[in-house]
Amino acid sequence: MTPTPQSIITTLTTVSSLRRELKDKGEKAFREAHDCPALLLTSFPQLDEDLVEVHTLEDSQPDTRLKKKKNVGRDFLVLLAKTERNVFDSRITIGRAKNNDVVLRVRKISKLHASLALDRDGNASVTDMGSRNGTAVNGTWLDRRSPTALKSGDLLNLWRFEFQYLDREGLVNLVRSSAG
């Protein structure tokens, strides 16, 4: 069985499901419910079964509606929100270990691969946490443990996964523009 985004990335949602929510709730309620930045999955690597982490999260069940999706396209999103699993107060963590906010269940992703921090004004930075296979922003590999500013639209690479960072407004704009 070929690994799919929804079998690898835990907190995955879709632009189309958020579009329905925006339409049903209205923009004000949508903004209140999703007052967070997001990562839009733009490139999903070819994965052999032996690269996929076999452990699963007890509290994370895959969304069965996503299983029918055959290609990545530009529909998969990760909302960047704190979870109870992460013990760091000021960071959103990304990695292979199940105590991260965003879990990528692939052996090439470090247990604690990267972290994102948001300041009070909503400005974001990403830090490679000493990962073996690196983190890049717009094609430039980051120095380990050195925060790098992120702007909405920047491309973020974690090993061979590529995401587009969207700030809060960028997320709303993407969902709104996809409705047309």
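Here are the numbers for this structure:
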{"quantity": "Calculated FRET value between residue 82 and residue 25, using beta carbons and R₀ = 25 Å, to 0.05", "calculated": "0.70"}
{"quantity": "Packing-based ranking, highest mean first, of 167-174, 135-142, 92-99, 24-31 given that Cβ atoms within 10 Å are counted", "calculated": "92-99, 167-174, 135-142, 24-31"}
{"quantity": "Potential lengthening between residue 32 and residue 141 on full extension [0.36 nm per residue; Cα-Cα distance subtracted]", "calculated": "35.8 nm"}
{"quantity": "Semi-axes of the equivalent ellipsoid for the range 132-172, Cα gyration tensor, largest first, Å", "calculated": "20, 11, 7"}
{"quantity": "Around residue 22: net Lys/Arg minus Asp/Glu count, Cβ-Cβ under 11 Å", "calculated": "+4"}
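Readers should treat all values here as calculations from the given coordinates under stated rules, not as data from a laboratory. All figures in this text were calculated on a predicted structure; none of them were measured in a lab. All Cβ positions, glycine included, derive from the backbone under ideal geometry; neighbour counts span all protein chains shown.
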